[in-house]
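Participant: Dumping the structure here so I can ask a few things about it.
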Amino acid sequence: MLLTVDVGNTNITFGLYQGNELKNTFRIMTSTPRTSDEYGATLLDILDNIKVKTKDIEGVIVASVVPGVMHALTGALERYVGRNPMIVGPGLKTGIKIVTENPKEIGADRIVDAVGAYEKYGGPVLVMDFGTATTYDLIGADGEFLAGITAPGIKISAKALWEDTAKLPEIEIKKPDSILAQNTVTSMQAGLVYGQIGQTEYIVKKVKEEAHLDKMYVVATGGLGSIIAEETDCIDVYDRMLTLDGLRYIYEKNVK
């Protein structure tokens, strides 16, 4: 089995693959400080619960945007899983050629999403990840990473509303029944969700316009991506497991 690990700003997401098939996924919070022993104990408990033995895990690959957790996490994987993890970064084969001004600025998560989108859907493809930040990355017909746009994620925007204002409450992020809100909660939900939909549609339109791409596949992923994908025709598919699949593709390219 292959263990894929996506270290995001909010959650660490794990995926277990048997060949090309994703068998299990599970998450733990990134923000909770843990030692390598705590990571290891948590991993062993979860693996035991889903009836997976560490000896069945033949490889591990990690992509991270949170450097502060890597020492403890990689130590746990080495000590408790018994595998030296492959870390997404310079030197690994990805099949994606980064042609932006400073390739080193492109985060590992965006590279992994680009690989997943290009391998599964071909190019040109615009992959958007609705995570802590909302990112839009354009991959060309031959796998070139052409451009990237970064915007505040829905949760960041929501948190700014209720933390930086005296009277606005913390709310659940979901689409209200109508944009014509009648109370504080639904007015915030309308602004957050419909605002994100509008942003998404405009960015897709401008990318197509400036890149001169009439035909471009648009893929969404990330925790809140399903809410947006359901409300706009500019997104062709919502792929919840795109990042984990991207990690599998990168692992396979490098072990071969």
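Participant: Go through (1) closer than 28 Å to Val127 by Cβ; (2) modelled with pLDDT of 95 or more and name the single condition Leu161 misses.
Facilitator: (2)
Participant: Would you mind telling me which numbered condition in (1) touching a residue at least 60 places away in the same chain (Cβ under 8 Å); (2) surrounded by 12 or more Cβ atoms within 10 Å (Cβ to Cβ) Arg79 fails?
Facilitator: All conditions are met except number (1).
Participant: Inside the stretch 134-165, can you point out the residues that are under 22 Å from Asp6 (Cβ atoms) and without any contact (Cβ under 8 Å) to a residue 60 or more places away in the chain?
Facilitator: Thr135, Asp137, Ile139, Gly143, Phe145, Gly148, Ile149, Thr150, Ala151, Pro152, Ile156, Lys159, listed by residue number.
Participant: Considering the stretch 85-115 alone, what residues qualify as being without any contact (Cβ under 8 Å) to a residue 24 or more places away in the chain and not in a helix (DSSP H, G or I)?
Facilitator: If the condition is that a residue be without any contact (Cβ under 8 Å) to a residue 24 or more places away in the chain and not in a helix (DSSP H, G or I), then Gly89, Pro90, Gly91, Glu101, Asn102 are the ones that fit.
Participant: Go over the candidates Glu38, Glu58 one by one and state the one that is more than 21 Å from Asp245 (Cα to Cα) and not assigned by TED's automatic domain parsing to the domain that holds Ala133.
Facilitator: Working: Glu58 fails: more than 21 Å from Asp245 (Cα to Cα).
That would be Glu38, the only listed residue that is more than 21 Å from Asp245 (Cα to Cα) and not assigned by TED's automatic domain parsing to the domain that holds Ala133.
Participant: Is it the case that some residue within the stretch 69-89 is more than 17 Å from the chain's Cα centre (by Cα) and farther than 24 Å from Thr30 by Cα?
Facilitator: No, that holds for no residue.
Participant: For the stretch 171-190, what are the residues that are touching a residue at least 12 places away in the same chain (Cβ under 8 Å) and either surrounded by 11 or more Cβ atoms within 10 Å (Cβ to Cβ) or not in a loop (DSSP other than H, G, I, E, B) (or both)? Give the steps one after another, and end with the answer.
Facilitator: Step one: list which residues in the stretch 171-190 are touching a residue at least 12 places away in the same chain (Cβ under 8 Å), which gives 171-176, 178-179, 184-185, 188-190.
Ile171, Ile173, Lys174, Lys175, Pro176, Ile179, Thr184, Val185, Met188, Gln189, Ala190 - these are the residues of the stretch 171-190 that are touching a residue at least 12 places away in the same chain (Cβ under 8 Å) and either surrounded by 11 or more Cβ atoms within 10 Å (Cβ to Cβ) or not in a loop (DSSP other than H, G, I, E, B) (or both).
Participant: What number of residues within the stretch 191-212 satisfy the criterion of being among the aliphatic types (A, V, I, L, M) and surrounded by fewer than 16 Cβ atoms within 10 Å (Cβ to Cβ)?
Facilitator: Filtering the stretch 191-212 for residues among the aliphatic types (A, V, I, L, M) gives 192-193, 197, 203-204, 207, 211.
Imposing the further condition that a residue be surrounded by fewer than 16 Cβ atoms within 10 Å (Cβ to Cβ) reduces the set to 211.
Looking only at that region, the number is 1.
Participant: Just checking, how many residues over the stretch 217-231 are modelled with pLDDT under 95, surrounded by fewer than 24 Cβ atoms within 10 Å (Cβ to Cβ) and either outside any helix (DSSP H, G or I) or not assigned by TED's automatic domain parsing to the domain that holds Gln199 (or both)?
Facilitator: Qualifying residue count, the stretch 217-231: 4.
The values are calculated or read from the model by the stated rules, or taken from the named source; none is laboratory data. Just so we're clear, the structure is a prediction, and the values are computed from it rather than from any experiment. All Cβ positions, glycine included, derive from the backbone under ideal geometry; neighbour counts span all protein chains shown.
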